[in-house]
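Scroll down for the structure; my scribbles are underneath it.
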Amino acid sequence: MSVAELIGFLLLAGTAAYAQTLTGFAFGLITMGGVGLIGLLSLPDAAVIVSVLTLVNATQMLLKGWRDVAWREFGFVMAASIPMLFVGYWLLEWLAGTRADLLRLILGFVIIVSSLQLARKPEPLAKQSGEGSFLFFGAIAGLMGGMFSTAGPPLVYHFYRQPVPLVKIRETLVTVFALNAVFRIGLVVLSGDLPSGPNLTGLLAIPAVMSATYLARRWPPPVSSSTMRRIVFILLFLSGVSLAAPAAIHLFGAMP
């Protein structure tokens with residue numbers, strides 16, 4: 001990365017960390033969407049960097065918030081998420097090597113659907129969902145986490161419908177993201193697929209992520225949670241369309 005590209009990535013990661021600290025989600029989506037648009041890194045390399053930065057953000061948040069985690073629901077989610085994370089990682093490696101445009105199209109589609117989901121506030125349920133639902137949404141989250149290090153959308157939708165205090169939802173989501181990041185980083189190391197030296201400069205975003213997390217915790221913006229969701233929605237929707245449209249044109253335009 002050049003100096004200008006590195007500064008851009010630092011700002012992107014800081015913005016994503018700030019949003020996730022306030023909402024409990026969106027770090028991977030914002031970062032991967034921005035990377036896909038600007039083309040700073042390959043998507044597999046970007047997913048590795050995002051996993052590390054997600055772990056930094058989550059660890060910082062959980063230093064004080066771990067007591068609020070819904071451990072029972074967390075256990076069901078992780079039981080299904082971890083196996084599917086391996087499947088998602090394999091799909092990423094396969095598509096990155098043979099179908100780069102298709103990979104960008106899938107990422108753009110995931111971001112668009114996720115942003116539309118954010119725009120619609122989930123209707124709260126009268127009673128908490130059963131164990132099978134947490135396994136189901138955990139599996140989808142693991143697949144998305146393995147592919148793009150973006151396990152958030154399905155879990156955000158499911159958890160925010162539960163009749164559970166918001167602080168408990170946020171800390172549980174962050175804990176899931178943290179453990180998924182640990183497994184994904186371990187898988188990358190064991191596979192020998194670490195980013196090249198120049199791309200590892202993206203890890204210099206760690207101080208930016210830590211600073212943004214602290215600022216969001218210490219001085220949250222004077223806006224409502226619904227306003228914050230709308231801001232995140234606009235950012236994600238525009239990045240998803242901008243990422244998916246060129247990939248779709250190139251992919252389908254090349255077809256006979």
- Over region 67-203, what percent of the accessible surface lies on carbon and sulfur atoms, probe 1.4 Å? 69
- Please give the direction-averaged projected area of the C-alpha convex hull for region 1-59, in square nanometres with one decimal. 3.6
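Which shape class, rounded, prolate or oblate, goes with region 115-249 when its Cα gyration tensor gives a ≥ b ≥ c as root eigenvalues, a/c under 1.5 marks rounded, and past that a/b bigger than b/c marks prolate?
It comes out rounded by the Cα gyration axes.
Sort 49-60, 137-148 for me by packing, meaning the mean count of neighbouring Cβ atoms within 10 Å per residue, highest on top.
137-148, 49-60
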- Task: Divide by every residue of the chain the summed helix terms, -39500 (n - 2.57) for each DSSP H run of at least 4, and state the resulting mean residue ellipticity at 222 nm, rounded to the nearest 500 deg cm²/dmol.
- Result: -26500 deg cm²/dmol
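Please work out whether region 1-101 counts as rounded, prolate or oblate from its C-alpha gyration tensor, where a ≥ b ≥ c are the square roots of the eigenvalues and a/c under 1.5 means rounded, while otherwise a/b larger than b/c means prolate and anything else oblate? Write down the numbers at each step before the final one.
Working: a/c = 2.85, a/b = 1.24, b/c = 2.30.
Oblate.
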- Item | Average accessible area per residue (Å²) across the chain - probe 1.4 Å, nucleic acids and ligands excluded | 46
- Query: Which of the peptides 225-236, 79-90 is most tightly packed, and how do the rest follow, judged by the mean count of other Cβ atoms within 10 Å per residue?
  - Reply: 79-90, 225-236
- Item | Peptide ranges 8-18, 200-210 listed from the most packed, as the mean C-beta count within 10 angstrom indicates | 8-18, 200-210
- Note on the structure: Per the C-alpha gyration tensor (a ≥ b ≥ c, the square roots of its eigenvalues), the chain is rounded if a/c is under 1.5, else prolate if a/b beats b/c, else oblate; here it's rounded
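The values are calculated or read from the model by the stated rules, or taken from the named source; none is laboratory data. The model shown is predicted, which means the values in this text are computed figures rather than measured ones. Every residue, glycine as well, gets a Cβ built from its backbone with ideal geometry; the counts of neighbours run over all protein chains shown. Only protein heavy atoms, including side chains, enter the accessible area calculation; ligands, DNA and RNA are left aside. Shrake-Rupley method; radii C 1.70, N 1.55, O 1.52, S 1.80 Å.
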